[in-house]
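Asks: First the structure, then my questions, so here it is.
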Amino acid sequence: MTEDLRTDARIEPPPLAHRPGCGCALHARRRLGGLLLAGGGGALLTGPARGQVPDGVHAEVGGESRFARLVPAQEVEAAAAQQYAQMLRDAAQRKALAPPDHPQRVRLRAIAERIVPRAVGWNARASQWQWEVNLIGSPQLNAFCMPGGKIAFYSGILSRLQLSDDEVATIMGHEMAHALREHARERMGKTAATRVGASLISALLGLGGTGDALLDMGGQLLTLRFGRDDESEADIVGMDLAARAGYDPRAGVSLWNKMLAVNGAAPPQFLSTHPSGPTRIRDIEARLPRVLPLFEAAAKPTRRFAPPPAA
């Protein structure tokens with residue numbers, strides 16, 4: 001742990017990671033796993049199954065995209081793991097990577113421990129992912145979850161917005177939803193189909209190769225931006241995940257008001273492709289009747305955390 005990161009002062013930000021997200025196979029309603037810590041590092045592992053309240057917003061979300069099927073999930077996840085590891089190395093060299101005992105890193109991990117077991121209800125492959133959560137010193141208002149469950153928050157989003165645990169859980173659920181709903185894999189599949197044609201890419205995959213269109217997969221994960229439909233879907237699924245984990249989904253309203261207020265008329269990069277202002281809040285409020293029962297039935301966190309000192 002560096003003194004710079006402890007105080008959130010003079011932290012040199014790592015190279016910009018443009019909100020990657022993605023996922024893998026079919027979402028499925030299953031009994032959800034508990035969570036085991038994997039040593040003192042960043043990894044989170046799912047464990048024995050346990051029951052959960054069903055329904056929520058599952059009926060509002062469709063099935064797997066046919067474009068996602070054009071791109072092998074294992075290759076996307078492997079590329080994401082490499083890019084994530086490189087990003088952590090870069091941050092460590094800049095003394096911007098929080099160690100395991102950093103208070104906000106501990107906080108993020110505790111919240112992830114409650115949400116991750118609910119992930120397999122949206123994507124069966126999530127039980128195989130090596131989940132990680134890390135904190136990077138940077139003033140950016142940003143957070144993301146890469147394919148395979150690689151989560152990162154930038155310190156700026158915690159300190160500048162003074163987020164409550166419920167608001168952090170809302171962001172984390174949203175970013176995890178991008179991975180679980182395989183948005184990056186779908187977008188990469190669309191790109192591949194546009195460049196070489198769906199029939200050709202399917203033939204290449206059938207022969208065991210991915211073709212030139214997929215060779216830049218790792219680079220795409222660092223620059224990928226999602227469309228408005230993907231962002232809206234991530235909002236819906238993220239609310240469901242957070243509510244099942246015992247975090248109040250009504251925090252989405254206060255969160256997005258903070259997001260917009262901190263940048264005035266110009267939304268932060270985090271919201272660049274999202275529905276804006278009143279539309280987003282109306283969408284959240286419209287779904288509260290479906291997710292509030294999940295929150296009310298869920299076990300609540302026994303420990304609460306304070307935000308870091310204001311930037």
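The values are calculated or read from the model by the stated rules, or taken from the named source; none is laboratory data. All values reported here derive from a predicted model rather than from experimental measurement. Every residue, glycine as well, gets a Cβ built from its backbone with ideal geometry; the counts of neighbours run over all protein chains shown.
Table: residues versus (1) at pLDDT 95 or above; (2) touching a Phe, Trp or Tyr at 6+ places or on another chain (Cβ under 6 Å); (3) not polar (S, T, N, Q).
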position: Val133; (1), (2), (3): yes, no, yes
position: Leu141; (1), (2), (3): no, yes, yes
position: Met172; (1), (2), (3): yes, no, yes
position: His178; (1), (2), (3): no, no, yes
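Asks: When you go through Arg69, Arg118, Arg125 one by one, which is the residue that is under 30 Å from Lys300 (Cβ atoms), assigned to a helix (DSSP H, G or I) and modelled with pLDDT under 95? Show your work before the answer.
Replies: Details: Arg69 fails: under 30 Å from Lys300 (Cβ atoms); Arg118 fails: modelled with pLDDT under 95.
Testing whether each residue is under 30 Å from Lys300 (Cβ atoms), assigned to a helix (DSSP H, G or I) and modelled with pLDDT under 95 leaves just Arg125.
Asks: Test of understanding: among Gly227, Gly238, which residue is modelled with pLDDT of 65 or more and crowded, with 16+ Cβ neighbours inside 10 Å?
Replies: Gly238
Asks: Restricting region 103-124 to residues that are of a type in the set (D, E, K, R) and over 20 Å from Phe295 (Cβ atoms), which is farthest from the chain's Cα centre (by Cα)?
Replies: Step one: filter region 103-124 for residues of a type in the set (D, E, K, R), giving 105, 107, 109, 113-114, 118.
With the extra rule that they be over 20 Å from Phe295 (Cβ atoms), the set shrinks to 105, 109.
Numbers: Arg105: 16, Arg109: 13 Å.
Per the stated criteria, the residue is Arg105.
Asks: What single numbered condition from (1) under 16 Å from the mean Cα position of the chain (by Cα); (2) in a loop (DSSP other than H, G, I, E, B); (3) crowded, with 23+ Cβ neighbours inside 10 Å fails to hold for Met176?
Replies: The number of the failed condition is (2).
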